[in-house]
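J.: Sharing a structure below in structure tokens format, with a few things to ask.
Any read-out appearing in this document is the output of simple, stated calculations on the displayed coordinates, not a laboratory observation. Just so it is clear, the model here is predicted, and its values are computed rather than measured. We place every Cβ from the backbone using ideal geometry, glycine too, and count neighbours over all the protein chains shown.
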């Protein structure tokens, strides 16, 4: 079993209100050297919950996260752990990671799927 850290990826249309909708899960397992994420972005649900939201713009921002997780672009110089820390750092933006949690797993890829099914 390996320890891992995870955080929900969420859309927060108005950071002053703190209302959010989970749209994905980010997982980092240092021992297995795994940084991965899963998305379940439902544009219709976002529009129903937050009618004032520009769903296309938010969808584009959400879909940029997997590229950073994969180390594409400027993030390519960072280690998986550094990318996880950068992605989960507190920020006041519409697309942000929620609080970081920990757990134990023998299979990080199966664990991120389990978390996605449970949280999104």
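J.: Of 79, 59, how do they rank once you tally other Cβ atoms within 10 Å and put the fewest first?
T.: 79, 59
J.: So what are region 64-115's ellipsoid semi-axes, whole angstrom, largest first, if each one is the square root of 5 times an eigenvalue of the alpha-carbon gyration tensor?
T.: After diagonalising the Cα gyration tensor, the semi-axes are 20, 15, 11 Å.
J.: Also, quick follow-up: Applying 1/(1 + (r/R0)^6) with R0 = 35 Å to the Cβ-Cβ distance of residue 67 and residue 106, what FRET efficiency is obtained, to the nearest 0.05?
T.: 0.80
J.: Would you work out the Kirkwood radius for region 6-49? I mean one over the mean of 1/r across all pairs of different Cα atoms, in Å.
T.: Averaging 1/r across every pair of different Cα atoms and inverting gives 11.8 Å.
J.: Mind checking the angle between helix 108-119 and the chain's longest principal axis? C-alpha axes, 0 to 90 degrees, to the nearest 10.
T.: With both axes taken from Cα atoms, the answer is about 30 degrees.
J.: Let me ask something else. At 4 °C and a viscosity of 1.567 mPa s, what translational diffusion coefficient does Stokes-Einstein give for the chain, taking Rh as the Kirkwood radius over Cα pairs? Give it in µm²/s as a whole number.
T.: 89
J.: Can you tell me the relative contact order of the chain? Whole percent, Cα pairs under 8 Å, sequence separation 6 or more.
T.: It comes to 38 percent, rounded to a whole number.
J.: Once both labels are modelled 7 Å past Cα along the beta-carbon direction, what's the residue 22-residue 45 spacing in nm?
T.: 1.0
J.: Could you calculate the contour length gain from residue 113 to residue 3, that is, 0.36 nm times the residue separation minus the distance between their Cα atoms, to one decimal place in nm?
T.: So the chain would gain 38.0 nm between residue 113 and residue 3.
J.: Also: Determine the equivalent ellipsoid of region 30-83 by diagonalising the alpha-carbon gyration tensor, then write out the semi-axes as square roots of 5 times the eigenvalues, largest first, rounded to whole Å.
T.: 29, 12, 7
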